[in-house]
Amino acid sequence: MDALQPYLPLIFNVLRVLAVVGLVHAIMTRQPIFWMFLLGFGALFGSLFGMLGALLYTVLVFVPWLRGRGRVAGQAVARGVEAIKPLDTRIREAQERLSESDTLAHRADLAALQARAGRPEEARATLAPLLSGIYADDPVVLLTSAELELARGDAAAAEAHLNRVDLRTSAATRTRTLTLLAQAQAAQGKPAEAEATYREAMNAATTEEPRVRYAGLLLEQGRRQEAATLLEAVAKTEARATPLYKRQEREWFQMAAGLRRELR
């Protein structure tokens with residue numbers, strides 16, 4: 001203990017700084033109230049109880065939080081690196097992963113890349129084994145297949161796939177399925193059905209896509225006022241949206257802006 005005596009003021013100051021940092025972090029991340037009281041004692045009064053609390057908070061909460069942030073940042077960097085790779089390179093790597101392990105995820109990833117590269121027939125062939133296997137009714141397979149059929153101009157085949165999707169799987173699956181179904185119906189000259197499906201998709205939608213695409217359909221039908229009302233609602237949503245939601249919905253906000261320009 002005597003050997004530590006010269007270092008006690010330093011240890012005290014370090015722990016008090018940890019208490020202050022911990023208190024700010026606890027408030028910002030809305031930690032349980034007992035942590036705030038504990039850290040407050042350490043930060044304001046320098047009590048031994050508060051100092052021990054600061055040490056515990058650092059070990060049990062703050063350090064794990066930093067590690068989690070590091071993992072998220074690492075994943076974001078990895079996604080960024082992946083995104084800037086040439087599409088042919090990503091397709092080749094996806095083919096290698098599929099040859100090593102033939103899974104639903106690997107096939108779906110490869111098919112999506114092939115479709116993005118403008119190779120729908122290859123993408124369709126990649127998905128073909130899944131359409132008659134144990135994954136035949138998997139929403140990922142059915143939705144990807146429907147998108148490919150729409151890209152090929154076969155809206156009827158797309159509609160057949162979409163009618164098999166279980167809309168109870170998730171809100172995102174429901175929104176995506178109904179939005180694609182409305183597109184398939186519109187492409188087959190069924191505007192009334194497409195309109196009803198878009199309205200259903202807009203109910204509890206997880207994205208702005210159905211609302212924007214429905215506005216586009218209304219504009220095609222010459223129903224400018226109805227389209228304008230929808231697009232104005234999208235503009236208000238964009239104005240109130242968080243930066244994360246704006247990035248997530250950038251494509252649809254941009255499409256809505258283009259439609260608003262057509263209305264002028």
Spacing of the two label points (7 Å from each Cα toward its C-beta) at residue 116 and residue 170, in nm: 1.8 nm
Relative to the present Cα-Cα distance, how much length would full extension add between residue 160 and residue 60 at 0.36 nm per residue of separation? 30.8 nm
Rounded, prolate or oblate: which one fits the range 144-226, using the alpha carbon gyration tensor with axes a ≥ b ≥ c (rounded when a/c is under 1.5, else prolate when a/b beats b/c, else oblate)? oblate
Got a number for carbon plus sulfur as a percent of the range 103-191's accessible area, 1.4 Å probe? 54 percent
Distance in nm between label sites at residue 89 and residue 28, each 7 Å beyond Cα in the beta-carbon direction? 3.5 nm
What distance in nm separates the simple spin-label points at residue 20 and residue 206, each placed 7 Å from Cα in the Cβ direction? 4.4 nm
The range 84-178: trypsin sites (Lys or Arg not before Pro) in DSSP coil with no more than 16 other Cβ atoms inside 10 Å: 164, 168
Probe 1.4 Å, protein heavy atoms only - accessible area per residue of the range 103-191 in square angstrom: 45 Å²
Please compute the net charge surrounding residue 97, taking Lys and Arg as +1 and Asp and Glu as -1 over other residues with Cβ under 11 Å from its Cβ. -2
Ignoring ligands, DNA and RNA, please state the percent of accessible area on the range 207-263 from carbon and sulfur, probe 1.4 Å. 50 percent
Over the range 103-191, how many percent of alpha carbon pairs lie in each 5 Å bin up to the one with the longest distance? 3, 16, 26, 24, 21, 8, 1, 0
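The values are calculated or read from the model by the stated rules, or taken from the named source; none is laboratory data. Everything numeric in this text was worked out from a predicted model, so none of it was measured. No Cβ is skipped: glycine too gets one built from the backbone with ideal geometry, and neighbour counts run over all protein chains shown. Areas reflect the complete protein model, heavy atoms only, side chains present, ligands, DNA and RNA absent. Shrake-Rupley method; radii C 1.70, N 1.55, O 1.52, S 1.80 Å.
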